[in-house]
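Notes follow the structure.
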Amino acid sequence: MSRIAATFSALKAQGRKALIPYVTAGDPYPELSVDLLLALAEAGADVIELGVPFSDPMADGPVIQKASERALAKGIGLTQVLEIVRGFRARNQVTPLVLMGYANPVERYDQRHGEGRFVADAAAAGVDGVLVVDYPPEECEAFAAALQRVGLDLIFLLAPTSTEERMAQVGRIAGGYVYYVSLKGVTGAGHLDVGAVAAAVPRIRCHVSVPVGVGFGIRDATTARAVAAVSDAVVIGSRLVQLLEEAPRAGMVEAGRQFITSIRAALDEVTEEGTKA
């Protein structure tokens, strides 16, 4: 059982919902990245998505785009991301880490270091899952199998526009959890329609056996609690990245800790049946 699967299994046994924050690796201060990840875990993050900086993050809104730009300007590429993972894993062997990003850095890494090196090096560093935004399920069965052989999960996005056929394709090879994008558009866009999410999640569950996490448009404890009531996990990214950007350097880690603590408290008001505990 993967670390992600074990985490979700334990949460289910406790009747709790997963909290999955997203941060961009190396942003806003590369030297504080490991401390930030540790603080998020201590504050109650069950899984952490670590964004791999990329120059053309087409699915991301302006907040995360700018975070990628800042990280790239400070020399953060996939090699440095794996160093951050190793630093975190040296001090935390429990909380799963998922690399989230795009195909270009992954494929470029293998071009530079040798075929299959990304999967091998990610596993050795302590990565638990990979979400490649622009890898459709029908084109990455071999990649999924390579990850599975070393105990890593391949995580997929589903959207309001996903067809039943696409959900079934994802369900055949997805590991860890699926990430339901609750809004059309890019990260940080629009206003969350919890009713639409509540209608979509049962459809997804007809096709996938892994937990369903929901992200995009979740900015505070109120929306997090509402989404947790109808899903297995809440993913929160743009708002956290924005808070970290706005915080002074000396208070950045603590700002992240406090925000995740507040979201964790909200999620813990929700039981497995979706009602307040």
inquiry  = Looking at 68, 33, 55 in this structure, which one is hydroxyl-bearing (Ser, Thr, Tyr) and farther than 16 Å from residue 104 by Cβ?
reply    = 33
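Can you find a residue that is in contact with a Pro (Cβ under 6 Å, 6 or more places away or on another chain) and either surrounded by 18 or more Cβ atoms within 10 Å (Cβ to Cβ) or modelled with pLDDT of 95 or more (or both) anywhere in region 10-18?
no
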ask   = Does residue 42 count as more than 17 Å from residue 97 (Cα to Cα) and surrounded by fewer than 18 Cβ atoms within 10 Å (Cβ to Cβ)?
value = no
request  = Check 41, 18, 25 and return the single one that is out of contact with any Asp or Glu (no Cβ under 8 Å at 6 or more places or on another chain) and under 22 Å from residue 151 (Cα atoms).
outcome  = 41
query = Taking residue 238 and the conditions (1) modelled with pLDDT of 95 or more; (2) of a type in the set (S, T, N, Q); (3) within 21 Å of residue 100 (Cα to Cα), which numbered condition does it fall short on, given that it satisfies the others?
reply = (1)
Check on residue 204, in contact with a strand residue (DSSP E or B) (Cβ under 7 Å, 6 or more places away or on another chain), in contact (Cβ under 8 Å) with a residue 24 or more places away in the chain, surrounded by 21 or more Cβ atoms within 10 Å (Cβ to Cβ) and hydrophobic (A, V, I, L, M, F, W, C) = no
remark   = Cβ pairs under 9 Å, 6+ apart or interchain, first in region 249-269 and of a type in the set (Ser, Thr, Tyr), second surrounded by 14 or more Cβ atoms within 10 Å (Cβ to Cβ) and not in a helix (DSSP H, G or I), ordered by first then second residue, are 261/44
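The values are calculated or read from the model by the stated rules, or taken from the named source; none is laboratory data. Nothing here was measured: the structure is a model prediction, and the numbers come from that model. Cβ coordinates were reconstructed from backbone atoms using ideal geometry, including for glycine residues, and neighbour counts include every protein chain displayed.
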